[in-house]
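Colleague: I am attaching a structure below and will ask some questions about it afterwards.
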Amino acid sequence: MAGIYIHIPFCTQRCSYCDFYREISSDNKKIDAFVQVLIHEIKLRKDELNGESIQTIYFGGGTASVLNSNQFRLIFDILHQYFTICSDAEITLEANPDDLTNAYLDSLSPLPINRLSIGIQTFNDKHLRELNRRHNAAQAYDAVVNARKYGFKNISIDLIYALPGQNINDWEQQLDAALQLQVEHISAYGLTYEEGTALWHHRNEGRVRETDDETSIIMFNRLRAKMKENGYEAYEISNYAKPGFRSTHNSAYWKFIPYLGFGPSAHSFDGKSRQWNVSSVQQYIKQIRNHQSFFEKEILSEQDFYNDYIMIALRTSEGIDTNYLHERFGQELLDYCMQNAASHLATKDLIMSGHCLSLSNTGIHIANIIIMNLMKV
Ligand code: SF4
């Protein structure tokens, strides 16, 4: 089993908090040219998964919903030609709410996309403007309603909390609005001020005020409580799913299942090494067209695998499986992990349940510190 990630590096507007790699463009000719090169990359790398069948395909970005149905069709044709895609594969499209019009969804309906991940972020129009998002609250609601109308039974929405000047009451209202939509999956992240972004400058100039840690923690606790009350499992620190609706694609990353990443800045993993494509669209197009190398690669050491496992597993509800740790990495690394976990077990920030070591309700707030302590440097 394996996954495919396809990075669509275009956005039509720059969100004020975003430091992801993307180009600001809505030029369809430019996107057409990119799709042709992407198809070429898929052909070049068709044998890298050694015939493993594809369980998940994820179109992310950037804004994957800048692609039109013809461009998607070309990509699916080539994927079907070179890979065995499982009949029940999870095929996700990351979409901006204002792209999910009836006309667009209608054009997508012959395609095999069966999951939408909609970047709503908040239903508060003032905050949406501050974040320089393209959509407004009404478009956010309509996106989900329209998607249901066109038969989507697996919808995820993204939310951001700790927005500038946001109070707990506003965050509760956002959660209630999200819950009313009865989507199958919710991802919720605390806002971070990434260096160089517009929002980072606004904060430094005193134009917006960062939410204090205490309020952020209360917001996170409300989020978890509301998700639980409404039947969502907190299967990862930032991800909540109705039973049976965990993201198979993301869970595969967490289980070290191989995946191929196509497009600029996309990462791949083959079970032994990590590979990442050049970040610039121009370089990506030029290097592939000129038959030049367009990626870098590193072979992972046992220590890299151990650190990746600690970093990923501790963020999940299952936590670190110490039996797996022993089986995969041996007694020495298991001892290392347990010795470093001892102080966190004593303070009850970590819990040992059977053979699994996981974060407690207090530990979750210092997850990064605990992860750093358990990693081997
Ligand atoms: S749509 Fe997403 S990738 Fe594009 S600028 Fe906004 S946050 Fe960044």
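Colleague: In the chain, with Lys and Arg counted as +1 and Asp and Glu as -1 at Cβ, which of these residues, LEU350, ILE285, ALA103, has the Cα nearest the positive end of the dipole, that is, farthest along it?
Modeller: Result: ALA103, furthest along the dipole toward the positive end.
Colleague: While we're here: Straight-line reach from LYS297: which lysines have a Cα under 22 Å away, not including same-chain ones fewer than 8 places off?
Modeller: Partners found: LYS43, LYS46, LYS255, LYS272, LYS286, LYS376.
Colleague: Right, here's the next one. In the chain, what cysteines have no partner Cβ closer than 4.7 Å?
Modeller: Taking the Cβ cut-off of 4.7 Å, the unpaired cysteines of the chain are CYS11, CYS86, CYS337, CYS356.
Colleague: Let me ask another. Charges only on Cβ, +1 for Lys and Arg, -1 for Asp and Glu: so what's the dipole of the chain about the Cα centre, in debye to the nearest 20?
Modeller: Details: 35 positive and 45 negative charges, 152 e Å.
Value, rounded to 20: 740 debye.
Colleague: Keeping all protein chains in position, work out how much accessible area ILE366 exposes to a 1.4 Å probe, and write it in Å² to the nearest 10.
Modeller: Rounded to the nearest 10, the figure is 60 Å².
Colleague: Here's something else I'd like to know. Write out the chymotrypsin sites (Phe, Trp or Tyr not before Pro) in region 293-377 meeting two conditions: DSSP loop, and at most 10 other Cβ atoms within 10 Å of their Cβ.
Modeller: Values: sites: PHE294, PHE295, PHE305, TYR306, TYR309, TYR324, PHE329, TYR336; in loops: PHE294.
Sites meeting the loop and neighbour criteria: none at all.
Colleague: I need the per residue convex hull volume for region 303-377, using only the alpha carbons, in cubic angstrom as a whole number.
Modeller: Numbers: hull volume 5.7 nm³, N = 75.
Taking only Cα atoms, region 303-377 has a hull volume of 77 Å³ per residue.
Colleague: What does the accessible area per residue of the chain come to in Å², with a 1.4 Å probe and no ligands, DNA or RNA counted?
Modeller: Numbers: 17220 Å² over 377 residues.
On a per-residue basis, the chain sits at 46 Å².
Colleague: Cross-link candidates for LYS228: which lysines have Cα within less than 17 Å, leaving aside residues fewer than 8 places away along the same chain?
Modeller: LYS242
Colleague: Rg and Dmax of region 13-100 over Cα atoms: what are they, in angstrom?
Modeller: Radius of gyration, then largest Cα-Cα span, for region 13-100: 14.3, 42 Å.
Colleague: Largest first and to the nearest Å, give the Cα extent of region 235-349 along each principal axis.
Modeller: 57, 37, 23
Colleague: Follow-up. Take every Cα pair under 8 Å in region 333-377 that's 6+ residues apart, average their separations, divide by the length, and report that relative contact order as a whole percent. Can you show the working numbers first?
Modeller: On the way: 34 pairs, mean separation 15.9, N = 45.
So the answer I get is 35 percent.
Colleague: Using the Cα centre of region 302-374 as origin and beta-carbon charges of +1 (Lys, Arg) and -1 (Asp, Glu), tell me which of THR362, GLN303, CYS337 is placed farthest towards the positive end of the dipole.
Modeller: THR362
Colleague: Can you send over the carbon and sulfur percentage of the accessible area for region 139-256, probe radius 1.4 Å, protein chains only?
Modeller: Numbers: 2530 of 5600 Å².
Carbon and sulfur together cover 45 percent of it.
Colleague: Follow-up question, since we're still on this one. Roughly how big is region 302-374's charge dipole about its Cα centre, with Cβ charges of +1 (Lys, Arg) and -1 (Asp, Glu), in debye to the nearest 20? Write down the numbers at each step before the final one.
Modeller: Numbers: 3 positive and 9 negative charges, 66 e Å.
Using Cβ point charges on Lys, Arg, Asp and Glu, region 302-374 gives about 320 debye.
Colleague: Can I ask one more? Using every Cα-Cα pair within the chain, state what percent have a distance larger than 29 Å. Write out the running numbers ahead of the final one.
Modeller: Numbers: 33056 of 70876 pairs.
For the chain, the fraction of Cα-Cα distances above 29 Å is 47 percent.
Colleague: Next up: Spelling out what I want: for every residue of region 163-179, take phi, set θ = phi - 60°, compute 6.51 cos²θ - 1.76 cosθ + 1.60 (Karplus), and round to whole Hz; glycine and proline get x.
Modeller: In residue order, the calculated couplings are 6, x, x, 6, 9, 5, 4, 4, 4, 4, 5, 5, 5, 5, 5, 5, 5 Hz.
Colleague: Looking at region 2-253, send over the antiparallel percent of its DSSP beta bridges, to the nearest 5.
Modeller: On the way: 6 of 34 bridges.
So the antiparallel bridges in region 2-253 amount to around 20 percent.
Colleague: Just want to confirm a number: the relative contact order over the chain, from Cα pairs under 8 angstrom separated by 6+ residues, in percent. Please list the in-between numbers first.
Modeller: Details: 635 pairs, mean separation 58.8, N = 377.
Over the chain, the number comes to 16 percent.
Colleague: I've got another one for you. Strictly greater than 20 Å: what percent of every Cα pair in region 109-259 meets that?
Modeller: Beyond 20 Å sits 53 percent of the P(r) for region 109-259.
The values are calculated or read from the model by the stated rules, or taken from the named source; none is laboratory data. Remember, predicted model here, so these are calculated numbers, not experimental data. Reconstructed Cβ throughout: ideal geometry from the backbone, glycine too, with neighbour counts over all protein chains shown. Keep in mind that these areas ignore ligands, DNA and RNA; they rest on the heavy atoms of the full protein, side chains included. Shrake-Rupley method; radii C 1.70, N 1.55, O 1.52, S 1.80 Å.
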